[in-house]
Amino acid sequence: MRTFVYAAALVVGSALALPAVAYDGQKCKAAGNCWEPKPGFPDKVAGSKYDPKHDPKEVSKQAESIKQMEERNRQRIENAKKTGKFEYDIAKFSQAN
């Protein structure tokens, strides 16, 4: 009886694992590099009609916000070194300076 239960568990387990080893239809150029375009789309998007043509001004907004974040963090660390206590809200210590 115990052998039958183990055999049944093995069959069920292998049946559940079968989809994990199934071929997914992708042709990988290298391990982890399995992107391929859908039928009808170009291999390279840049320069095609599908190119989003992002506005450089919009793209640079993130870089600007990162610079502002780094400046706030610099002020927080500078204040923490002066006072010995870390304060998150820069408005609280910028008024005192």
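Observations, loosely collected:
- Test for PHE93: is it in contact with an Asp or Glu (Cβ under 6 Å, 6 or more places away or on another chain) and either loosely packed, with under 10 Cβ neighbours inside 10 Å or not charged (D, E, K, R) (or both): yes
- Counted residues, the range 34-78 - those being of a type in the set (A, V, I, L, M) and either open to solvent by 100 Å² or more (accessible area, probe 1.4 Å) or assigned to a loop (DSSP other than H, G, I, E, B) (or both): 2
- One residue stands out among those in the range 48-68 that are over 27 Å from PRO37 (Cβ atoms) and small (Gly, Ala, Ser): the one that is modelled with the highest pLDDT, which is SER65.
The values are calculated or read from the model by the stated rules, or taken from the named source; none is laboratory data. What you are looking at is a predicted structure, and each value in this text was computed from that prediction instead of being measured. Here Cβ is always computed from backbone atoms with ideal geometry, including for glycine, and neighbour counts include all displayed protein chains. Remember, those area values only see protein heavy atoms, side chains included, never the ligands or the DNA or RNA. Shrake-Rupley method; radii C 1.70, N 1.55, O 1.52, S 1.80 Å.
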